[in-house]
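Everything on this sheet refers to the single structure shown next.
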Amino acid sequence: FAMATMLIYWVFAETMVGLFIKPDDPERPLIVPLGVTLLMVAALFQLADAGQAMAMGFLRGIHDTQQPMVIAAVSYWLVGLPAGYGLGFIAGFGGVGIWLGLVFGLTAAAVALHIRFWRAVRMPR
């Protein structure tokens, strides 16, 4: 589902953004490119979020819930938030940078949670 959503966001980005802006709006030439860029980042967000949600579900299925909560919190707060701040304010990417930072945090969570799951199911009991 995330891949389908991602594809729709990429293929129809300009059309989707255009639905919310009047054709005669004088700000349209400034708003549409920013909206399209944010929608592209939202597409990446969908993929990263799907990855971490799946991993959380896998871990919940094997009754591993406490450490994944810590992993997620660390990924969001110690990876995503600083990355968003750095990209958005220090590097000057604005809203796009903030959203990219959130994507980095979700991706870090997805990778760490998947690693935890694979280690858990591969370990002999």
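Coordinate-derived values only; no laboratory data. Just so it is clear, the model here is predicted, and its values are computed rather than measured. Backbone-built Cβ (ideal geometry, glycine too); neighbour counts: all protein chains shown.
Once fully extended, how much extra length lies between ALA4 and LEU19, figured as 0.36 nm per residue of separation less the alpha-carbon to alpha-carbon distance?
Numbers: separation 15, 0.36 × 15 = 5.40 nm, distance 2.00 nm.
Net length gain for the segment: 3.4 nm.
Arranged from fewest to most other beta-carbon atoms within 10 Å of their beta carbon, LEU113, LEU47, LEU19, LEU38 become LEU19, LEU47, LEU38, LEU113.
Per-residue Karplus couplings for the stretch 98-107, computed as 6.51 cos²θ - 1.76 cosθ + 1.60 with θ equal to phi - 60°, are listed in order as 4, 5, 5, x, 5, 4, 4, x, 5, 5 Hz, Gly and Pro entered as x.
Is the stretch 53-125 rounded, prolate or oblate when judged by the Cα gyration tensor, a ≥ b ≥ c being the square roots of its eigenvalues, rounded requiring a/c under 1.5 and prolate requiring a/b larger than b/c?
Numbers: a/c = 3.44, a/b = 3.28, b/c = 1.05.
It is prolate, given that a/c is not under 1.5 and a/b is the larger ratio.
Taking max minus min of the alpha-carbon positions on each principal axis, the chain gives extents of 66, 33, 16 Å, largest first.
Once backbone amide H atoms are built at 1.01 Å from N, PHE12 has no partners under 5 Å, excluding neighbours fewer than 5 places away on the same chain.
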